[in-house]
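Enquirer: Dropping the structure in here first, questions after.
The values are calculated or read from the model by the stated rules, or taken from the named source; none is laboratory data. A quick note: this is a predicted structure, and the numbers were derived from the prediction, not measured. For neighbour counting, all protein chains shown are included, and Cβ atoms are generated from backbone atoms with ideal geometry for every residue, glycine included. Accessible surface areas use protein heavy atoms only, side chains included; no ligands, DNA or RNA. Shrake-Rupley method; radii C 1.70, N 1.55, O 1.52, S 1.80 Å.
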Amino acid sequence: MRMAERVLITGGAGFIGRFVAAELLQRGHRVRVLDSLIDQVHGGTARPDGLPEDVELIRADIRDADAVAAALDGIDSVIHLAAEVGVGQSMYAVERYTSVNDVGTAVLFEGIIAAPVRRVVTASSMSIYGEGLYRSADGALIETAERGATAGGRGGWDPTDAEGRPLTPVATPEWKRPNLASIYALNKYVQERTTHILAGSYGIEGVCLRLFNVYGPGQALSNPYTGVLAIFASRLLNRQRPLIFEDGAQRRDFVYVGDVARAFADALERPGLSGETLNIGSGEDRSVTEVAEELARAMGSGLAPEIVGKARIGDIRHCFCDASRAAALIGFAPRKDFGEGLVELAEWVAAQTAIDRVDEARAELEARGLVA
């Protein structure tokens with residue numbers, strides 16, 4: 001355990017940030033949060049529920065250099081979560097995503113260069129992998145799998161080799177080369193590289209965590225570009241069937257937000273991590289259809305998901321986590337069973353009110369030719 005520090009969490013009033021703040025406070029750290037509290041995520045609230053009272057909140061944009069400088073005053077370490085999040089929306093709100101995610105990270109690091117800190121832990125995403133790692137029929141590992149799915153899945157939803165033989169998805173490790181399939185993925189990769197380039201150049205310890213699908217109570221249910229479980233929960237809460245693109249057999253890795261918060265705290269505290277990039281996921285994969293059905297049961301709903309049979313541009317087929325490196329370096333091991341986590345999510349959702357904007361978001365993507 002390191003000595004207590006004063007930690008700045010950018011984007012710390014968001015879903016993950018609130019859990020990280022609580023974890024750091026429990027470990028004896030002092031926490032300051034810089035967050036713009038955008039309406040799409042926070043719905044106009046001045047201070048989100050779940051943000052601990054002991055957290056100092058500065059409401060400001062990550063691109064505001066003066067606000068960032070003030071937020072960094074007296075800070076020992078930084079956890080950088082501030083970002084616009086959403087694969088689909090990033091494909092048309094290009095300037096907004098790139099400005100907040102890339103320029104915002106640049107502004108933060110200019111502030112850190114002027115007022116150095118011990119360590120920066122930056123949130124990255126499994127989105128940078130594009131398709132996950134695959135194994136061919138001959139046993140070779142394939143890092144650059146691509147698929148030729150068209151409307152209705154003609155040509156197949158799943159990647160194949162050059163001879164048309166199916167590839168088998170396997171857990172994706174950190175060494176798998178990036179394949180940036182969306183503007184959001186590009187943004188997160190820029191955040192990673194900015195962290196490592198500038199931290200290394202100025203004698204600051206830089207660590208990046210590539211998060212897989214994070215879920216749990218406290219997600220932004222009215223944001224149609226948030227995590228898939230929150231989107232499904234919002235639909236079910238409004239007595240609507242969850243919408244699933246493609247055929248629903250795409251596989252993902254879902255990791256509980258409390259486990260993710262511990263990973264951030266450990267990545268902040270553990271020595272010898274400078275320059276590391278670590279996957280954070282459960283190590284278990286599930287189809288999106290299975291997840292929608294399990295959530296419906298947990299919420300006491302009999303609504304089956306609606307399989308759209310179309311693909312969104314920028315989506316990938318399969319990607320799930322090899323978290324062995326995080327286990328070795330920070331002792332990461334998920335504690336929350338997926339079924340238990342779904343029950344917690346369902347109980348929290350039952351007490352919420354959500355505006356279902358999924359149809360609106362789908363119409364926006366279709367109007368822009370981003371659904372095929």
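Enquirer: How big is the chain in terms of Cα radius of gyration and Dmax, in angstroms?
Expert: 19.9, 59
Enquirer: Excluding ligands, DNA and RNA, what is the solvent-accessible area per residue of the chain at a probe of 1.4 Å, expressed in Å²? Present the calculation step by step, with values, prior to reporting the outcome.
Expert: On the way: 15100 Å² over 372 residues.
Heavy-atom accessible area per residue stands at 41 Å².
Enquirer: Here's another thing I want to ask about it. In terms of the Cα gyration tensor, with a ≥ b ≥ c the square roots of its eigenvalues, is the range 1-135 rounded because a/c is under 1.5, prolate because a/b exceeds b/c, or oblate?
Expert: rounded
Enquirer: Out of Ala230, Ser99, Ile79, whose Cα points farthest toward the positive end of the dipole of the chain (charges: +1 Lys, Arg; -1 Asp, Glu; placed on Cβ)?
Expert: Of the listed residues, the answer is Ile79.
Enquirer: Quote the charge dipole size of the chain about the Cα centre in Debye, to the nearest 20; the model charges only the Cβ of Lys and Arg (+1) and of Asp and Glu (-1).
Expert: On the way: 39 positive and 51 negative charges, 30 e Å.
In total the dipole reaches around 140 debye.
Enquirer: Let me ask another. Once each part is reduced to its C-alpha centroid, what is the distance from the range 45-84 to the range 189-203 in angstrom?
Expert: Result: 20 Å between the Cα centres.
Enquirer: To the nearest Å, what is the center-to-center distance of the range 216-274 and the range 326-348, using C-alpha atoms only?
Expert: 11
Enquirer: Can you give the Rg/Rh ratio of the range 215-351, where Rg is from the C-alpha atoms and Rh is the Kirkwood radius?
Expert: Over the Cα atoms of the range 215-351, Rg/Rh equals 1.00.
Enquirer: Skipping prolines and chain starts, which residues have an amide H placed within reach, meaning under 5 Å, of the one on Val31, given they are 5 or more residues away or on another chain?
Expert: Correct list: Val7, Glu56.
Enquirer: Let me check I've understood the local charge: for Asp66, count other residues with C-beta under 12 angstrom from its C-beta, Lys and Arg +1, Asp and Glu -1. What total comes out?
Expert: -3
Enquirer: Let me ask something else. Tell me, what % of the accessible area of the range 149-294 is carbon and sulfur with a 1.4 angstrom probe?
Expert: Details: 2460 of 5160 Å².
Roughly 48 percent, rounded to a whole number.
Enquirer: Positive end of the charge dipole of the chain (Lys, Arg +1 and Asp, Glu -1 on Cβ, about the Cα centre): tell me which of Tyr184, Leu209, Ile307 has its Cα farthest that way.
Expert: Working it through, the farthest residue towards the positive pole turns out to be Leu209.
Enquirer: Can you compute the helix-only [θ] at 222 nm over the chain? Use -39500 (n - 2.57) per DSSP H run of at least 4 residues, normalise by all residues, nearest 500 deg cm²/dmol.
Expert: That comes out to -10000 deg cm²/dmol.
Enquirer: Taking the highest mean first, how do the peptides 253-259, 202-208, 8-14 order by number of other beta carbon atoms within 10 angstrom per residue?
Expert: Order by mean packing, descending: 8-14, 253-259, 202-208.
Enquirer: Hey, with R₀ at 51 Å, roughly what FRET efficiency would Arg118 and Asn238 work out to, going by the Cβ-Cβ distance, to 0.05?
Expert: Between Arg118 and Asn238 the formula returns 0.65.
Enquirer: Now a separate question. How much length is gained on full extension from Ile313 to Trp175, taking 0.36 nm per residue of separation minus their Cα-Cα distance? Don't skip to the end; give the middle numbers.
Expert: Details: separation 138, 0.36 × 138 = 49.68 nm, distance 2.50 nm.
Extra length from Ile313 to Trp175 when fully extended: 47.2 nm.
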